[in-house]
Amino acid sequence: MDVVILKDGPAVCKEASRRIADQVNRKADSVLGLATGNTMVGVYKDLVRRHREAELDCSEVTTFNLDEYVGLAPEHPCSYHTYMNEHLFSKVPFFRNLIPDSSETNFVQMCADYEAQIQGCGGIDLQLLGLGRDGHIGFNEPCSSLSSRTRLKTLTPMTVGTNKRHFPEGQPVPYHVITMGIATIMEAREVLLLAFGESKVDAIAAMVEGPVSAMCPASALQYHPHCTVLIDEVAASKLKMADYFRFIHQNWLEG
Ligand code: GLP
């Protein structure tokens, strides 16, 4: 795991955007795995800026989103379809954007098809990830199988409570979702996980320095051969190895 400690949230988002743009500039028909949540808003904003300034062309890029709520139509204002359209897809043209279709009634078939579509595109080159307060990635909640694939999941009451802020007052938050599995995520050739702020301090410590355990799904990334963790000073505040991570980057040697 390469842990990069940056000044603050905006610096994390800019660095992520730079790395995504590098990937697309290296390989025009890249396959990107995309995430949602507050963490990604600044990343997508910077990608839109790069596109407007002609630094980024995504016209050959295929994207796969991590997850979607069950029971929300794609055009629902709180669906992840809407989030992606608002922040990125309506502003930057792509070759193809895929998001789990939770309006399907045969979830098992739909999830198998989603996995097959990822394989059919040659797999994901770069997977972007946020981090839940309980260490979830995508919507793989604690105790998800570390070898799980795309499937139906039930959210924990804590995650439902956290996500309430994205829904209008009084509107129920779905507690069923479709999410890529941990094994699906682990097959991406490169993973970029972003986290910043006080609410991520414990999850970052558990993920980077704790044992590999289904209790912290993100800890599975300790087994990933090419995983970069971009965090701010606050999110790094409980890392025992923080000085070592800084030392590595002060003395960076390209391998
Ligand atoms: C949701 C998403 C995750 C995301 C997490 C963190 O649970 N399914 O993919 O990483 O939220 O969200 P935020 O970035 O808002 O903290």
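Remarks
- Within region 223-245, tally of residues that are surrounded by fewer than 15 Cβ atoms within 10 Å (Cβ to Cβ) and either touching a strand residue (DSSP E or B) at 6+ places or on another chain (Cβ under 7 Å) or not in a loop (DSSP other than H, G, I, E, B) (or both): 5
- Matching entry among 57, 46 (being without any contact (Cβ under 8 Å) to a residue 40 or more places away in the chain and assigned to a helix (DSSP H, G or I)): 46
- Matching residues, region 65-100, being assigned to a helix (DSSP H, G or I), more than 15 Å from the ligand (Cβ to nearest atom) and hydrophobic (A, V, I, L, M, F, W, C): 89
- Taking the criterion of being of a type in the set (A, V, I, L, M, F, W, C), within 13 Å of the ligand (Cβ to nearest atom), part of a loop (DSSP other than H, G, I, E, B) and in contact (Cβ under 8 Å) with a residue 40 or more places away in the chain, the residues of region 114-166 that qualify are 131, 139.
- Scanning region 189-222 for residues that are more than 11 Å from the ligand (Cβ to nearest atom), part of a strand (DSSP E or B) and not hydroxyl-bearing (Ser, Thr, Tyr), we see that the one that is farthest from residue 140 (Cα to Cα) is 190.
- Qualifying residue in region 63-73 (condition: over 15 Å from the mean Cα position of the chain (by Cα), on the phi < 0 side of the Ramachandran plot and surrounded by fewer than 17 Cβ atoms within 10 Å (Cβ to Cβ)): yes
- Residue-level analysis places residue 183 outside the set of residues that are within 14 Å of the ligand (Cβ to nearest atom), in a helix (DSSP H, G or I), closer than 30 Å to residue 23 by Cβ and not β-branched (Val, Ile, Thr).
- Within region 96-107, considering residues that are loosely packed, with under 14 Cβ neighbours inside 10 Å and free of Cβ contacts under 8 Å to residues at least 12 places away in the same chain, the one nearest to residue 85 (Cα to Cα): 105
- For region 28-44, filtered to residues that are within 20 Å of the chain's Cα centre (by Cα) and away from the ligand (no atom under 14 Å from the Cβ), the residue that is farthest from residue 191 (Cα to Cα) is 29.
Readers should treat all values here as calculations from the given coordinates under stated rules, not as data from a laboratory. A quick note: this is a predicted structure, and the numbers were derived from the prediction, not measured. Glycine gets a Cβ as well: all are built from the backbone with ideal geometry, and neighbour counts include every protein chain shown.
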